[in-house]
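Asker: Here's a structure for you.
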Amino acid sequence: MRYEELTIEGRNAVMEAFRSGKTIDRLFVLDGCQDGPVKSIIREAKKQDTILNFVAKERLDQMSDTGHHQGVIAFAAAYEYAEVEDLLKNAEEKGEPPFLFLLDGIEDPHNLGAIIRTANLAGAHGVIIPKRRAVGLTATVARTSAGALNYTPVAKVTNMASVIEDLKKKGMWFVCADMGGETMYRLNLTGPIGLVIGNEGEGVSRLVREKCDMIASIPMKGDIDSLNASVAAGVLAYEIVRQRLGAK
């Protein structure tokens with residue numbers, strides 16, 4: 001399976017990527033560069049809400065694969081991102097109550113890929129990731145998902161807490177994974193549900209946790225204190241699957 005080129009270098013190539021409508025996650029520009037073509041690229045980046053980073057030449061040289069970056073390097077998504085509405089439409093077309101994964105700051109591409117794979121196998125209708133302080137759809141994510149990215153849409157949002165608010169108005173419930181929560185087996189996880197999984201180290205952020213209706217903990221018997229984020233997502237997702245099957 002082929003994945004899109006992720007690192008785009010050089011002024012023409014970067015400008016072409018913006019013009020073609022490719023999703024550009026981040027743009028790195030030589031700090032202080034005032035050239036017309038570079039200004040045009042920055043204008044395009046701002047129009048598309050791409051994250052802009054102004055960096056020293058040494059940093060660009062380190063990042064460059066080609067050695068011909070001409071002061072600009074862009075990182076494109078491995079796949080096109082969906083809109084949150086597309087995820088709900090996906091559920092509607094299947095005649096199922098929505099089941100979404102919301103990932104609050106997953107930074108490890110292997111974890112993100114594994115979670116997208118689990119989301120697909122558990123029958124989730126899509127995955128929502130934040131724009132900042134989290135990994136996007138890189139080649140590593142695409143590979144780790146083992147093809148699931150072709151079937152499970154991923155939406156990228158600016159504010160996870162406000163997306164939860166909006167989805168609540170549409171009748172969704174949200175459960176987040178946290179050690180201090182109620183044992184997952186005691187919770188009612190049927191119906192339209194969003195499963196919120198937090199960052200590998202810090203867990204779900206306070207703001208997002210406060211928006212959740214339920215906090216679920218996974219019973220643990222071992223000697224270490226926590227599960228890897230993708231494993232926790234899998235365990236909780238399959239408790240949701242079990243309850244949804246039982247509710248039919």
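Asker: State yes or no: is GLU107 open to solvent by 30 Å² or more (accessible area, probe 1.4 Å) and over 30 Å from GLY36 (Cβ atoms)?
Answerer: Judged against the criteria, GLU107 is a match.
Asker: Anything in region 147-158 that is assigned to a loop (DSSP other than H, G, I, E, B), open to solvent by 30 Å² or more (accessible area, probe 1.4 Å) and more than 21 Å from GLU200 (Cα to Cα)? List them, or say none.
Answerer: TYR151, PRO153
Asker: Please work out which residue is farthest from ILE106 (Cα to Cα), limiting yourself to region 159-178 and to residues that are open to solvent by 20 Å² or more (accessible area, probe 1.4 Å) and assigned to a strand (DSSP E or B).
Answerer: TRP173
Asker: For GLY95, indicate whether it is modelled with pLDDT of 95 or more, on the phi > 0 side of the Ramachandran plot, touching a strand residue (DSSP E or B) at 6+ places or on another chain (Cβ under 7 Å) and surrounded by fewer than 23 Cβ atoms within 10 Å (Cβ to Cβ).
Answerer: Taking the combined requirement at face value, the residue does not satisfy it.
Asker: Output the number of residues of region 213-234 satisfying the condition of being open to solvent by 50 Å² or more (accessible area, probe 1.4 Å) and assigned to a strand (DSSP E or B).
Answerer: The total comes to 1.
Asker: For residues in region 235-248 being among the hydrophobic types (A, V, I, L, M, F, W, C) and at pLDDT 95 or above, which is most open to solvent (accessible area, probe 1.4 Å)?
Answerer: Narrowing region 235-248 to residues among the hydrophobic types (A, V, I, L, M, F, W, C): 235-237, 240-241, 245, 247.
Pick out the ones that are also at pLDDT 95 or above and you get 235-237, 240-241.
Numbers: VAL235: 50, LEU236: 2, ALA237: 0, ILE240: 1, VAL241: 28 Å².
Checked region 235-248; the qualifying residue most open to solvent (accessible area, probe 1.4 Å) is VAL235.
Asker: Another one. Give the number of residues within region 191-219 that are hydroxyl-bearing (Ser, Thr, Tyr) and touching a residue at least 60 places away in the same chain (Cβ under 8 Å). Working first, answer last.
Answerer: In the first step, residues of region 191-219 are kept if they are hydroxyl-bearing (Ser, Thr, Tyr); the result is 205, 217.
Right, trim to touching a residue at least 60 places away in the same chain (Cβ under 8 Å) and you get 205.
The qualifying residues number 1.
Asker: Return the residues of region 179-212 that are open to solvent by less than 10 Å² (accessible area, probe 1.4 Å), more than 16 Å from GLY246 (Cβ to Cβ) and part of a loop (DSSP other than H, G, I, E, B); say none if nothing qualifies.
Answerer: VAL204
The values are calculated or read from the model by the stated rules, or taken from the named source; none is laboratory data. All figures in this text were calculated on a predicted structure; none of them were measured in a lab. In this analysis, Cβ positions are derived from the backbone assuming ideal geometry, glycine residues included, and neighbour counts consider all displayed protein chains. Surface accessibility is based on the protein's heavy atoms, side chains included, excluding ligands, DNA and RNA. Shrake-Rupley method; radii C 1.70, N 1.55, O 1.52, S 1.80 Å.
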